[in-house]
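In what follows, a single structure is set out as structure tokens and then discussed.
Computed from the coordinates by the stated procedures, all read-outs in this text should not be read as laboratory data. In this text, all values refer to a predicted model and were calculated from it rather than measured experimentally. Backbone-built Cβ (ideal geometry, glycine too); neighbour counts: all protein chains shown.
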Amino acid sequence: MLLALEMRAASAQGRSVDAREATVAELVSAAHGGNRAAFASLYERFHRVVHAIALARVPAYDAGDVVQDVFADAWSKLPRLRDPAAFPGWILAIARNRAIDAARRQRPVGVAADLAVDPPPRIEAAAALRAIRELPDTYRETLVMRLVEGLTGLEIAEHTGMTPESVRVHLHRGMKLLRERLGDERIAGGGAR
Amino acid sequence: MRPSMSDYLFDKTGDDPAVAELEGLLGVYAHRTPLREPPLREPPPREPARRRRWLPAAAAGGVIAAAAVLVVVWRSGGSEECTAAGPGFAFSVEGGPARCGGGVASRGTLRVGAWLETSSSAVAGVRIADIGELTVFPDSRVRLVGTGADGHRMQLARGKLAARVVAPPRLFVVDTPVAAAVDLGCAYELTVDRDGRTLLRVTSGTVSLEGHGLVAYAPMGTEVVASPGRGPGTPVAVGAPDSLRAAVARFDGGDPSAVRAIVDAAGLSDTITLWNLLSRTSATERATVVARLDELAGRPDSVRADDVRAGDSDAIARWRHALEQRWICLECYPGKKQ
């Protein structure tokens with residue numbers, strides 16, 4: 001059983017179809033026993049939402065480090081997670097704590113802090129990201145997941161435990177606020193129709 | 001019926017050019033980095049600690065029993081987390097008390113995930129698997145993050161350590177709050193102050209100090225500071241003049257105009273500073289650095305100045321290979337001009 005799961009998890013690294021076959025709880029259980037391939041599959045599934053949570057709070061050049069820290073933390077603390085099915089909420093909580101800590105260590109940073117990544121983004125991108133960060137927590141995380149990481153509303157719901165309808169509401173309210181902050185009639189302009 | 005924008009924003013069906021434009025703009029920030037390296041650590045045991053079972057019994061036995069337990073812990077060299085069998089690094093402490101895994105310890109095994117904390121008078125020696133040793137100075141806090149065939153990783157939260165490692169490059173890494181010191185075969189000292197500011201001083205070989213998207217390549221005889229929010233700064237020779245240090249501090253603080261002052265202050269011993277600047281400067285500033293580095297140390301035929309000025313990473317690396325001989329043995333390779 002364990003060998004079979006290991007094989008599925010290992011192959012999941014190379015073929016996304018296999019990654020979908022194992023449930024999160026199965027991967028967590030395998031990783032709990034030291035299966036690194038299973039843990040790598042968990043990373044593949046959750047790194048984008050973890051990054052979104054980080055990017056919603058810290059400059060772009062720091063967000064990647066937060067992601068690595070979160071998963072390093074998760075690996076060492078995994079045995080403390082009693083319910084494997086609770087992994088999504090658990091990893092997001094670690095991400096928020098790590099991101100908040102990282103943000104506290106930062107001096108106030110301007111748009112330039114989001115330009116120091118490779119490839120260099122346009123100045124408008126850094127400005128938009130900064131505007132998103134000024135939104136309330138729930139909206140900014142959801143918007144970063146959607147607009148930066150490219151997740152659909154359903155994928156966001158699946159990874160965060162929110163209901164699809166809540167995600168929809170957050171996206172639209174967040175976009176409305178973002179539009180007001182950017183002062184750009186084009187952005188979310190369709191929503192006002 | 002929902003407007004078309006609603007569908008696109010939620011599930012990408014329909015059409016909304018404005019949201020699509022935002023996606024295109026912000027997509028550059030999407031996370032694409034794989035797991036930095038396979039996790040090194042083995043998960044700690046499922047049970048947090050056996051003492052949870054015997055502590056209630058000790059309490060029931062009264063103060064005498066509790067005191068006896070403390071004596072046992074002290075004499076056995078620390079809490080079970082630092083004495084039980086399993087992957088970890090052997091350590092011993094001299095000069096004062098230290099804590100390991102929550103208990104007082106004079107020797108034991110630093111297990112994956114456990115912290116070793118020295119008092120104001122204690123110095124700890126830690127065996128880094130079979131590749132080297134670590135000295136942990138007073139008032140320091142270190143943790144074993146992971147150890148395995150593919151590498152060993154520790155964390156220095158505060159204080160100072162000295163490492164001596166004989167191993168292939170990148171096998172031993174020490175994380176600090178603002179950077180990671182990656183061993184490239186060397187001996188070095190690492191200090192972290194209360195703000196997380198990190199000072200690396202390399203005494204042998206080479207260390208790569210990495211973080212915030214920056215890499216500081218620091219060979220023997222150099223030092224580099226990594227600051228919160230900025231990552232590793234530009235390495236300088238230990239004996240660098242104050243004028244050069246001041247200019248480097250300005251540059252690392254975000255003032256690109258300081259490059260001119262660095263170039264003016266740099267001598268033959270400062271080629272390490274100039275070389276590191278090649279990857280940290282814009283094209284205009286880089287041209288100034290290339291000219292000075294060429295003047296001081298010469299440039300091999302295999303390295304075209306135009307390529308370096310254009311920021312070609314291969315050309316910059318090839319120049320480093322030529323300069324490394326100088327950094328390891330300055331007097332063996334005098335420059336073209338002093």
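Key figures for this structure:
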| item | result |
| --- | --- |
| Nonlocal amide H pairs with B:Val145, under 5 Å, H built at 1.01 Å | B:Gly113, B:Arg153, B:Met154, B:Gln155 |
| Of every Cα-Cα pair in region B:242-338, the percent that sits beyond 19 Å | 36 |
| Neighbour net charge for A:His51 - beta-carbon separation under 10 angstrom, K R +1, D E -1 | +1 |
| By average C-beta atoms within 10 angstrom, highest first, the peptides A:39-50, B:279-290, A:123-134, A:146-157 | A:39-50, A:146-157, A:123-134, B:279-290 |
| Simple label model, 7 Å out from Cα along Cβ direction - B:Arg304 to B:Thr284, nm | 2.5 |
| Cα-projected label distance for B:Asp195 with B:Asp314, points at 7 Å along beta-carbon direction, nm | 4.2 |
| Within region B:196-338: Cβ-based charge dipole about Cα centre, in debye rounded to nearest 20 (Lys, Arg +1; Asp, Glu -1) | 140 |
| Shielding score for A:125-131, defined as the mean number of other chain Cβ atoms within 10 Å | 3 |
| Cβ neighbours within 10 Å from other chains - mean over B:15-23 | 6 |
| Inter-chain Cβ neighbour average for residues A:73-79, partner chain, 10 Å | 6 |
| Region B:305-312 - phi-based ³J(HN,Hα) in whole Hz, Karplus 6.51/-1.76/1.60, Gly and Pro as x | 4, 4, 5, 5, 4, 7, x, 5 |
